[in-house]
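Chemist: Structure provided below as structure tokens; questions to follow.
The values are calculated or read from the model by the stated rules, or taken from the named source; none is laboratory data. In this text the structure is predicted, and so the values were computed from the model without any measurement. Using ideal geometry, Cβ is built from the backbone for each residue, glycine included, and neighbour counts are taken over all protein chains shown.
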Amino acid sequence: MIVTNPQAFLRAVDTLALKAEFPAVAGAAFMVSPNGFSLAAESASDNRYMDFASPPDPLRALAEHAELAHRLGADVPLITFPGDPEAMDGVFPNNVFATVPGRLIIGRMRHAVRQREALREDIRHWLGVLQGRQIIDLSGRNLIAELTGALVIDRARGIGYCGLSERCDMAGVEAMHEAFGLRLTYCFELAAGEYHTNVVLAVLAGRAAIIAASGFRDRAAATAIASLYGAHVVCIDEAQKQAYAANAISLSSRRVWMSSRAAGSLAPAQVHTLEDAGFAIGQVELGEIEKAGGSLRCCVGEVF
């Protein structure tokens, strides 16, 4: 079922009696190294988070990324694929490749500089062929679907939260709903200037959420989503959103990962809310990578 307003979403949750009954966190993860890291001018047309005023240092970006891989490895087995200097945004592979049990999903990117990422045979082979997954390839379809950038998934309940923007259209919502096998998808418009849902919303192991209401065109959408997670909701302001506080991920049931900048923006009460939900905060310095308009969650592809 796909719904497009908060009232229908809340009715659907009640009608379907959606409970946390699926694996809430991934069994493994993958990343793509920032080899020859630079900023893609094409992507900047609809990503206001990119920072062209201070060009990233490629060596520092490599060091940040290697430390991130090392740290995340404490929670899940993780593989890092080599980056491609011609695919500058390849460091954010979760927009292009995603998995559910038995399936590899390949997204349809808006920009040509990112469409070439979907052609990578090494990632297709490793996630698809070697693991015996059915490959659902959206990359050649007449739609835009930037996977788990546009679509934040409560894996435990089988609910997708999908924000419409230049990076995802309604045809993309429908294709992802089917490809991910979701029980319910709530589709809403992001606020003007927002490009991906995972910058304004994180769902953590089906138990908690980080939400920036300013990132939703209709704040009632954010309120409806928050209602599912009770007392374990961290509501962040505009400055915290800009610091990527919602671009977070849980790869285990006990920890939420975010960048050092994001973690540093949280107030003590917000940290307590996450701790009360059972999450310690893991943080990694990603200042150079964040200049490309994404943060920690964008760097991580989940393997279910």
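Chemist: Pairs please, first residue from segment 52-64 and in contact (Cβ under 8 Å) with a residue 60 or more places away in the chain, second anywhere and outside any loop (DSSP other than H, G, I, E, B) and of a type in the set (D, E, K, R), Cβ atoms under 7 Å, 6+ apart in sequence or on different chains.
Modeler: Ser54/Lys291; Pro56/Lys291
Chemist: Consider segment 100-123. How many of its residues are over 19 Å from Ala69 (Cα atoms), touching a strand residue (DSSP E or B) at 6+ places or on another chain (Cβ under 7 Å) and crowded, with 17+ Cβ neighbours inside 10 Å?
Modeler: Result for segment 100-123: 7.
Chemist: Sort through Ala280, Ala246, Ala292, Ala213 and tell me the only one that's within 17 Å of Asn47 (Cα to Cα) and in contact with a Lys or Arg (Cβ under 9 Å, 6 or more places away or on another chain).
Modeler: Of Ala280, Ala246, Ala292, Ala213, the one residue that is within 17 Å of Asn47 (Cα to Cα) and in contact with a Lys or Arg (Cβ under 9 Å, 6 or more places away or on another chain) is Ala246.
Chemist: OK, next. Inspect segment 215-222 for any residue being over 24 Å from Val256 (Cβ atoms), touching a residue at least 24 places away in the same chain (Cβ under 8 Å) and either crowded, with 17+ Cβ neighbours inside 10 Å or of a type in the set (D, E, K, R) (or both) and give the result as yes or no.
Modeler: yes
Chemist: While we're looking at this one, here's another question. Kindly provide the set of residues from segment 258-282 that are surrounded by 18 or more Cβ atoms within 10 Å (Cβ to Cβ) and closer than 25 Å to Pro23 by Cα, ordered by number.
Modeler: Those that are surrounded by 18 or more Cβ atoms within 10 Å (Cβ to Cβ) and closer than 25 Å to Pro23 by Cα: Met258, Ser259, Thr273, Leu274, Ala277, Phe279, Gly282.
Chemist: To continue, here is another question. Restricting attention to segment 169-185, does a residue exist that is modelled with pLDDT under 95 and either out of contact with any strand residue (DSSP E or B) (no Cβ under 6 Å at 6 or more places or on another chain) or more than 20 Å from Arg11 (Cα to Cα) (or both)?
Modeler: no
Chemist: Which count do you get for residues in segment 1-38 that are under 20 Å from Thr80 (Cα atoms) and either over 19 Å from the mean Cα position of the chain (by Cα) or free of Cβ contacts under 8 Å to residues at least 24 places away in the same chain (or both)?
Modeler: Total satisfying the criteria: 4.
Condition check ((1) surrounded by fewer than 18 Cβ atoms within 10 Å (Cβ to Cβ); (2) in a helix (DSSP H, G or I)) across all residues:
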{"position": "Val13", "(1), (2)": "no, yes"}
{"position": "Ala41", "(1), (2)": "yes, no"}
{"position": "Met50", "(1), (2)": "no, no"}
{"position": "Pro55", "(1), (2)": "yes, no"}
{"position": "Arg60", "(1), (2)": "yes, yes"}
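Chemist: Find the residue count for segment 203-228, including only residues that are out of contact with any helix residue (DSSP H, G or I) (no Cβ under 9 Å at 6 or more places or on another chain) and either among the acidic types (Asp, Glu) or under 17 Å from Ile281 (Cβ atoms) (or both).
Modeler: Result for segment 203-228: 1.
Chemist: Check off (1) more than 17 Å from the chain's Cα centre (by Cα); (2) in contact (Cβ under 8 Å) with a residue 40 or more places away in the chain; (3) more than 22 Å from Arg124 (Cβ to Cβ) for Ala41 and give me the number that stays unchecked.
Modeler: So Ala41 meets the others, but not (2).
Chemist: Right, another one. With respect to Arg48, is the statement that it is out of contact with any strand residue (DSSP E or B) (no Cβ under 9 Å at 6 or more places or on another chain) and in contact (Cβ under 8 Å) with a residue 60 or more places away in the chain true?
Modeler: Yes: the conditions hold for Arg48.
Chemist: Applying the selection to segment 178-196, what residues are closer than 15 Å to Phe97 by Cα and assigned to a helix (DSSP H, G or I)?
Modeler: Listed by number, the list holds a single entry, Ala179.
Chemist: Please count how many residues of segment 240-257 are surrounded by 23 or more Cβ atoms within 10 Å (Cβ to Cβ) and outside any strand (DSSP E or B).
Modeler: Here the count works out to 6.
Chemist: Looking at segment 258-299, which of its residues are part of a helix (DSSP H, G or I) and more than 25 Å from Ala53 (Cα to Cα)?
Modeler: Pro268, Ala269, Gln270, Val271, His272, Thr273, Leu274, Glu275, Asp276
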